[in-house]
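The values are calculated or read from the model by the stated rules, or taken from the named source; none is laboratory data. Bear in mind that the values here come from a model prediction, so they are computed numbers and not experimental data. Cβ placement follows ideal geometry from the backbone for every residue including glycine, while neighbour counts extend to all protein chains displayed. Quick note on the areas: whole protein, heavy atoms, side chains included, nothing else; ligands and nucleic acids left out. Shrake-Rupley method; radii C 1.70, N 1.55, O 1.52, S 1.80 Å.
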Amino acid sequence: MRLICLTLLIIRGITDSRSEQYEVVGPAGPVLAVAGEDVILHCSVKPNISVEDMRVEWFRLDLRDSLVHLYDDHVDRNTDQSQSYRGRTGLNHQELQRGDASLKLSSVRVSDEGLYKCYIQSKSWSDDATVNVSVEAVGRPPVITVDGFDHSGGLHLQCESEAWYPEPDLEWLNNEGVSLSSETTEKHRNTDGFRVKHTITVHERDSKIHCRFKLKHHMLETLMITTSNMFNSWRTSVIMISVFVVLGVITGILIAVFAHKYKGKMLVFFLFFFLFCANKAVWG
């Protein structure tokens, strides 16, 4: 009996020692993915052994409905796969022979950001590795629009872009490359990322205005060239408004004086004018 027990202990020790030889290895650091592109989440067994006969499971650690991809009994079994990953995941079955269980994730979305676990299980051992996926979404090219003038003749400019993730940095630059301070900022978050709008006031000396959206690894920029005509239109508008105000005041005074002097005649005139307008409206 002692001999049997000793034999079992030896066999178990040999099995455990063999099991401890293998480990599942993932990336050393976070994996950066770009929205709309494909990404490979690396996962393999070291030393290399075939995992064709093993269970390979990818799932999210930060989601309840977390199954990303399941390989078991030599086939992919994604019946219970999370809906958001349907048709977007795959393992290279030829690489499974070399111990590589890396996952290809296609058409990356902002919602794919998070912690993933690669779990590999054989009949005698199991191990896992965690993969941290960070997603960047490069938004649409920024657009600069004119939003009127201030009281001193400064030109209000708005720069807007959307579908960025994470929230981008925005920088205004003048024609000399000097950074300008934004006055107001509006930002909104939705499923596609961030929509950001910045406002700035420029003056005639700033002939070239750059609006630049930046992420850690990406940048988009647009340019507006301001002309003297833009500022002249403001001056013309101010002059025209001033003229109309003055003419309005003078006209009001004349009407008041005329009405006071010719009360009866003014009443007949306005009555005739009212009947004329009403007849015009009815008969065209």
Report task. Identify, by number, the condition in (1) in contact with a Cys (Cβ under 9 Å, 6 or more places away or on another chain); (2) surrounded by 15 or more Cβ atoms within 10 Å (Cβ to Cβ) that Arg88 doesn't meet. Result -> (1)
Query raised in the report: For region 91-102, what are the residues that are in a strand (DSSP E or B) and either in contact with a Cys (Cβ under 7 Å, 6 or more places away or on another chain) or open to solvent by 30 Å² or more (accessible area, probe 1.4 Å) (or both)?
Result: Asp100
Query raised in the report: In this structure, is Thr199 within 24 Å of Ser134 (Cα to Cα) and of a type in the set (S, T, N, Q)?
Result: no
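Determine whether Asp80 is acidic (Asp, Glu), in contact (Cβ under 8 Å) with a residue 60 or more places away in the chain, part of a loop (DSSP other than H, G, I, E, B) and over 27 Å from His217 (Cβ atoms).
Here the answer is no, as Asp80 does not meet what is asked.
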Query raised in the report: Residue check, Gly139 against (1) of a type outside the set (Val, Ile, Thr); (2) open to solvent by 70 Å² or more (accessible area, probe 1.4 Å); (3) farther than 15 Å from Leu41 by Cβ, all met but one. Which one?
Result: (2)
Query raised in the report: What is the one condition in (1) under 26 Å from the mean Cα position of the chain (by Cα); (2) at pLDDT 95 or above; (3) open to solvent by 70 Å² or more (accessible area, probe 1.4 Å); (4) not charged (D, E, K, R) that Val131 does not satisfy?
Result: (3)
Query raised in the report: Inside region 60-74, can you point out the residues that are open to solvent by 30 Å² or more (accessible area, probe 1.4 Å) and not in a loop (DSSP other than H, G, I, E, B)?
Result: Asp72
Requested in this report: Quick one: count up the residues across region 145-190 that are open to solvent by less than 80 Å² (accessible area, probe 1.4 Å), in a loop (DSSP other than H, G, I, E, B) and not acidic (Asp, Glu).
Outcome: 10
Query raised in the report: within 30 Å of Ser66 (Cβ to Cβ), touching a residue at least 60 places away in the same chain (Cβ under 8 Å) and outside any loop (DSSP other than H, G, I, E, B) - does that describe any residue in region 194-217?
Result: no
Report task. Select from region 30-56 the residues that are open to solvent by 70 Å² or more (accessible area, probe 1.4 Å) and not in a strand (DSSP E or B) and write down the one among them that is farthest from Asp100 (Cα to Cα). Result -> Glu37
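Yes/no matrix, rows are residues, columns are (1) open to solvent by 20 Å² or more (accessible area, probe 1.4 Å); (2) under 22 Å from the mean Cα position of the chain (by Cα); (3) aromatic (Phe, Trp, Tyr); (4) farther than 30 Å from Arg140 by Cβ:
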| site | (1), (2), (3), (4) |
| --- | --- |
| Trp58 | no, no, yes, yes |
| Asp76 | yes, no, no, yes |
| Lys104 | yes, no, no, no |
| Leu115 | yes, yes, no, no |
